[in-house]
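No value in this document is a laboratory result; all are computed from the given coordinates. Values in this document were obtained by computation on a predicted structure and should not be read as measured data. Here the Cβ is made from the backbone with ideal geometry for all residues, glycine too, and neighbour counts use every protein chain on show.
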Amino acid sequence: VLQRLKEAREKAQLSQLELSYRSGVSQNMITYIETGKRTPTLTTLLKLCNALNITPAVLFVDSSDDVKTAKATVIDLVTRYMN
């Protein structure tokens with residue numbers, strides 16, 4: 001998941017600082033997340049995905065075939081988190 005987040009940032013041609021500005025997540029936290037030193041909260045993950053214009057499901061799948069399943073999983077996790 002964390003590697004895919006970094007790949008999504010690089011694909012969007014954003015530096016960690018630019019992603020920080022867009023997401024409201026500190027640059028240090030982004031560095032920690034990308035290097036595996038910290039695990040993002042659901043809120044942080046959603047902020048980063050929103051800033052990257054991707055769905056969280058993209059981070060959990062290896063191919064586009066799995067996107068529907070991953071979306072259902074993410075929706076379930078978010079629903080549990082909100083309750």
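When the label point is put 7 Å from the Cα of T41 along its Cα-to-beta-carbon vector, which residues of the stretch 1-18 have a backbone N closer than 20 Å?
From the stretch 1-18, the list is 2.
At a Cα cut-off below 20 Å, give the lysines reachable from K11, other chains included and same-chain residues fewer than 8 away excluded.
Of all the lysines, those that pass the test against K11 - Cα under 20 Å, at least 8 places apart if same chain - are K47.
When you count, for each residue, the other Cβ atoms within 10 Å and take the mean per peptide, how do 32-39, 54-61, 76-83 rank with the highest first?
Working: 32-39: 13.9, 54-61: 17.9, 76-83: 9.6.
Packing order, densest peptide first, comes out as 54-61, 32-39, 76-83.
Setting aside same-chain residues fewer than 8 positions from K37, which lysines have a Cα under 16 Å from its Cα?
Those lysines meeting the cut-off are K6.
Among L14, N53, V25, which residue has its Cα positioned farthest towards the positive end of the charge dipole of the chain, with +1 placed on the Cβ of Lys and Arg, -1 on the Cβ of Asp and Glu, and the dipole taken about the Cα centre?
Of the listed residues, the answer is V25.
So if I place +1 on the C-beta of Lys and Arg and -1 on the C-beta of Asp and Glu, and nothing else carries charge, what would the dipole magnitude of the stretch 2-82 be about its Cα centre? I want it in debye, nearest 20. Write down the numbers at each step before the final one.
Details: 11 positive and 8 negative charges, 49 e Å.
Charge dipole of the stretch 2-82: 240 debye, to the nearest 20.
Quickly estimate the mean residue ellipticity at 222 nm for the chain, helices only: each DSSP H run with n ≥ 4 gives -39500 (n - 2.57), and the total goes over all residues, rounded to 500.
Mean residue ellipticity at 222 nm (helix-derived): -19000 deg cm²/dmol.
Assuming a ≥ b ≥ c are the square roots of the Cα gyration tensor eigenvalues, decide whether the stretch 1-62 counts as rounded (a/c under 1.5), prolate (otherwise, with a/b larger than b/c) or oblate. Please report the intermediate quantities before stating the final value.
Numbers: a/c = 1.30, a/b = 1.13, b/c = 1.15.
Cα axes put the stretch 1-62 in the rounded bin.
If I fit a long axis through the Cα atoms of helix 2-11 and take the longest principal axis of the Cα atoms of the chain, what angle between them do I get, 0 to 90°, rounded to 10?
Helix 2-11 sits at roughly 60 degrees to that axis.
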